[in-house]
1. Test of understanding: among ASP61, ASP72, which residue is over 15 Å from CYS29 (Cα atoms), out of contact with any Gly (no Cβ under 9 Å at 6 or more places or on another chain) and of a type outside the set (Ser, Thr, Tyr)?
2. Please determine whether any residue of segment 85-99 is of a type in the set (Ser, Thr, Tyr), loosely packed, with under 12 Cβ neighbours inside 10 Å, more than 13 Å from the chain's Cα centre (by Cα) and not in a helix (DSSP H, G or I).
3. Which residues, counting only those in segment 1-36, are part of a loop (DSSP other than H, G, I, E, B), under 9 Å from the mean Cα position of the chain (by Cα) and farther than 13 Å from GLU75 by Cα?
4. Is segment 94-101 home to any residue that is without any contact (Cβ under 8 Å) to a residue 60 or more places away in the chain, closer than 17 Å to THR4 by Cβ and in contact with an Asp or Glu (Cβ under 7 Å, 6 or more places away or on another chain)?
5. Within segment 75-107, which residues are touching a Phe, Trp or Tyr at 6+ places or on another chain (Cβ under 9 Å) and of a type in the set (A, V, I, L, M)?
6. How many residues are more than 17 Å from LYS92 (Cβ to Cβ) and either free of Cβ contacts under 8 Å to residues at least 12 places away in the same chain or touching a Ser or Thr at 6+ places or on another chain (Cβ under 8 Å) (or both) if we restrict to segment 15-58?
7. Return a yes/no flag: does segment 37-48 have any residue that is among the polar types (S, T, N, Q) and either part of a helix (DSSP H, G or I) or closer than 21 Å to ALA79 by Cβ (or both).
Amino acid sequence: MSRTYSEPFLIKLFKANPHKPGVALALACVKANLPAKYVADALDVSRMTIFNWFNGNQIRDKNILKIETLTDIIESDTAKEILPARSVSEAKLYLEGVVGRELNGNK
């Protein structure tokens, strides 16, 4: 599996406001075992942007609907036990299926 989320990040995340769209996305991704690099690629942003959102920082209006939609899909598939992903390749394939295109995770 790819590098997991760090313990300091997880501690901060679980103390953050879960009603912020970026924090809700982070919680869903951690539970679903989806690497930030592929989530960033799926949303057409950099990993730095994803981690800013995960930390509760401001999100441009044009991205909020994308974030909320992806969060809802991930949470639904986690509830259906389609997730968590068991490997990096499985996580990548899952997100490619959601967004309908190949991801490279290089942003």
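1. Exactly one of ASP61, ASP72 is over 15 Å from CYS29 (Cα atoms), out of contact with any Gly (no Cβ under 9 Å at 6 or more places or on another chain) and of a type outside the set (Ser, Thr, Tyr), namely ASP61.
2. yes
3. Selection gives PRO35 alone.
4. First, pick out the residues of segment 94-101 that are without any contact (Cβ under 8 Å) to a residue 60 or more places away in the chain: 96-101.
In the following step, the residues that additionally are closer than 17 Å to THR4 by Cβ were identified as none.
No, segment 94-101 has no match at all.
5. Passing the criteria: ILE82, LEU83, ALA85, VAL88, ALA91, LEU95, LEU103.
6. The number of residues fulfilling the criteria is 10.
7. Going through segment 37-48, the residues among the polar types (S, T, N, Q) turn out to be 46.
Now drop any that are not either part of a helix (DSSP H, G or I) or closer than 21 Å to ALA79 by Cβ (or both), which leaves none.
No, segment 37-48 contains no residue that is among the polar types (S, T, N, Q) and either part of a helix (DSSP H, G or I) or closer than 21 Å to ALA79 by Cβ (or both).
Every number here is computed from the coordinates shown, using simple stated rules; none is lab data. Bear in mind the structure is a predicted one, so any value in this text is a computation, not a measurement. Positions of Cβ are backbone-derived with ideal geometry, glycine not excepted, and every protein chain shown enters the neighbour counts.
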